[in-house]
Structure formats: structure tokens, C-alpha cells
Amino acid sequence: MSFKLQFEKLQSKLDTKRAILSLPREDKLKLVKEINYKRDKKTNYFDLKKIKRHKLTVEIGFGQMHDEQFDLFKVGKDNCTCDAIFYIYDSHFVFRPSSIEFDRAMKLNKATGKDIYIPKYPLIPNYSIRDVVRVLYTAMKKVYQLGHENIYVYGLGAGATLAIELLVYNNEKDSALPMPKRLILISPGGFPKNEKEWAEMKSAVKTDYSTSIRHILDIKELATLKNPSVPDYMITGEALNLNNFPESYFFYSDEEISYGKYENYKEQFSNAGVKAEYTIRHGVLHDYCADRKYPEAYEDYDWIIELLKN
């Protein structure tokens with residue numbers, strides 16, 4: 001294990017995110033609300049210097065639900081009809097994006113030459129998981145309307161899970177959008193469907209510093225709180241309609257809770273005949289190749305850049 005990875009693991013252990021997600025539900029939601037309020041205060045959760053440095057533009061109000069407006073943030077050039085990357089960040093279903101996501105988006109834009117779109121999407125428990133997916137669908141539709149012919153969907157953690165659900169939802173629509181050219185999925189998860197998946201997830205409790213089993217249990221209930229009529233695929237990732245799915249690339253650490261869903265996705269994508277590749281790394285962190293921070297992530301981060309460029 002490289003020194004840089006050891007350092008990142010130490011940083012992750014000291015991070016308060018898992019501690020917050022491990023709290024009893026009411027205490028957790030209270031703290032999450034405070035964190036999101038602070039992020040929202042920073043001029044829609046960024047400070048002005050970062051907006052200027054990232055050359056960020058905002059598509060105001062691409063969608064609205066229950067009197068809340070959802071915006072689409074863009075890192076890239078004005079009036080560009082080049083290929084685009086639709087970036088679904090890792091919210092753990094409850095967090096607003098931090099400025100880290102826009103640092104990452106700026107690096108992706110610089111490395112690929114493509115416009116990066118980051119949707120502000122609804123969060124649980126104020127919205128159901130179906131509402132979240134519907135708003136993401138509206139956001140992707142907006143990207144196509146802006147003139148981008150080819151879209152690459154790039155999802156991290158909960159965002160990777162939502163990316164799969166988004167394209168399955170697209171298959172349900174009578175007026176379906178064109179499928180993206182490629183799907184990059186870093187640590188997609190979901191609620192376990194059987195004891196085997198539960199055992200896999202529980203075995204990673206001591207090595208995954210990003211979330212907790214308590215949070216996984218809470219999300220299952222909170223995701224349907226506002227709308228109990230939610231299809232199984234939006235909870236457990238079962239019965240996925242993978243018709244016309246684009247080529248897909250999965251990346252996992254074998255020490256993260258999300259890895260418990262790996263076999264489920266692999267079996268379904270294989271049975272559906274979807275071209276998919278799977279990379280499993282030992283001993284790295286959740287969302288490990290979202291950044292190029294330590295040697296164990298270099299190869300996969302660089303490969304993802306090539307997949308997004310071509």
C-alpha cells in the first residue's frame with residue numbers, strides 16, 4: 001500500500017461523514033440539513049471565487065417540483081455543441097454537492113475537452129427516489145436540447161446508482177431520450193436483495209469510511225416516504241430493463257459496502273447482453289478513481305479519462 005493511500009485512508013477515518021451517516025435517523029437528518037444549508041448559502045453552494053475560476057455557467061430552473069427549483073451547472077465553453085459529460089455526484093442521497101465536485105468537473109473538462117453538466121437534484125427524504133430520477137431525466141433532456149449529440153453519463157457512488165436507474169427509467173418513457181454513448185459507474189450500490197448481499201455489505205463495515213449500514217437501512221425507508229409507489233429497481237437494483245443500454249464500465253473497491261451489489265449488476269448486464277467491463281481493486285477507498293490522489297488509482301483514473309474522451 002502506497003504512503004499516499006495510507007494518508008487518504010487516515011483522512012477518511014477522520015472525516016465526519018460516516019459518523020454523521022451512522023447516527024440515529026433524526027439526529028442524522030438534523031445535521032445533514034445544517035450542512036446543506038451552509039452549502040446553499042455559498043451562492044448556491046459555491047463561493048464566487050470558485051465560480052469565476054471554474055468558468056461556471058448555470059442553466060437556471062431546468063426543472064421544478066413542489067415549488068423547489070433545480071439548476072444545471074456547467075463547466076465548459078459557451079454555445080458549445082461538442083460532446084458532453086453528465087456528471088451525477090455522490091450525494092449519499094442526502095447531501096448537496098460540495099466544491100470538491102466542481103474541482104473534479106474542472107479537471108474532467110480540462111482532460112477531455114468536453115462540457116461537464118452537474119445537475120442539482122432532489123434529495124431524500126424531502127423527495128422520493130422516483131422524484132430524484134424524474135428530475136435527473138429532465139436534466140439530461142435539457143443537455144440534449146442544448147445541442148449536444150453525444151452524452152457520456154458519469155456517476156459516483158449514489159450518483160452511479162442513480163445513473164443506472166435514470167437509463168432504466170428512460171426505457172419506460174414513450175418519448176425516450178437517445179441513450180448516452182457510454183456509462184461510467186464508480187461504486188454503484190443499492191439496497192441488498194438477499195442475505196448474500198447483506199453479508200457482503202456487512203463485511204465491509206470496518207473498511208468503508210464513507211457510509212454505514214445504518215444509513216443503508218434508513219435510505220430504503222426514506223426513499224419511499226413521500227411516494228410508496230416506487231419500482232423495485234429503484235431500491236434493490238432488481239429487474240432492470242437494460243434494453244439498448246450503452247457500453248458500461250464499473251469500478252469498485254473490494255473493501256466498500258457498495259461492492260455487495262457487484263454480482264447483481266454483473267449478472268443482469270450479462271444476461272441482457274450489454275457490453276460491460278468490471279474493475280475491482282483491493283484495499284482502495286469508495287469512489288477511489290474519482291480522483292488521481294494515490295498510485296493505486298492512477299491507472300483507472302487515466303483509463304476513465306480515455307473512455308470519456310473517445
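The values are calculated or read from the model by the stated rules, or taken from the named source; none is laboratory data. Bear in mind that the values here come from a model prediction, so they are computed numbers and not experimental data. Positions of Cβ are backbone-derived with ideal geometry, glycine not excepted, and every protein chain shown enters the neighbour counts. Please note that ligands, DNA and RNA were not included when accessible areas were found on the heavy atoms of the full protein model with its side chains. Shrake-Rupley method; radii C 1.70, N 1.55, O 1.52, S 1.80 Å.
Structure notes:
- Solvent-accessible area assigned to carbon and sulfur over the chain amounts to 48 percent, based on a 1.4 Å probe.
- For Asp254, neighbours were defined as the other residues whose beta-carbon sits under 15 Å from its Cβ, and their charges (Lys and Arg +1, Asp and Glu -1) total -3.
- Measuring between alpha carbons in the structure, the pairs from Lys17/Lys173; Lys114/Lys196; Lys9/Lys196 lying more than 30 angstrom apart are Lys17/Lys173; Lys114/Lys196.
- Rounded Å value of the spacing that divides the Cα centres of segment 83-123 and segment 254-310: 18
- Taking the convex hull of Cα positions in segment 133-182, its mean projected area over all directions (nm²): 3.2
- Segment 195-257: trypsin sites (Lys or Arg not before Pro) in DSSP loop, at most 12 other beta carbons within 10 Å: Lys206
- Bridging of Lys142 to aspartates and glutamates at a Cα separation below 12 Å is possible for Glu59, Asp71, once same-chain residues fewer than 8 apart are set aside.
- Computed over protein heavy atoms with a 1.4 Å probe, the accessible surface of the chain works out to 46 Å² per residue.
- Mean shadow area of segment 218-295, taken as a quarter of the surface of its Cα convex hull (nm²): 6.7
- Under 13 Å from Lys226, Cα to Cα: aspartates and glutamates that are on another chain or at least 8 residues apart: Asp131
- Projected over all directions and averaged, the alpha-carbon convex hull of the chain occupies 14.9 nm².
- Legend: residue pairs Lys30/Lys293; Lys181/Lys309; Lys74/Lys309; Lys38/Lys77, Cα-Cα distance threshold 21 Å; pairs beyond threshold, Lys30/Lys293; Lys38/Lys77.
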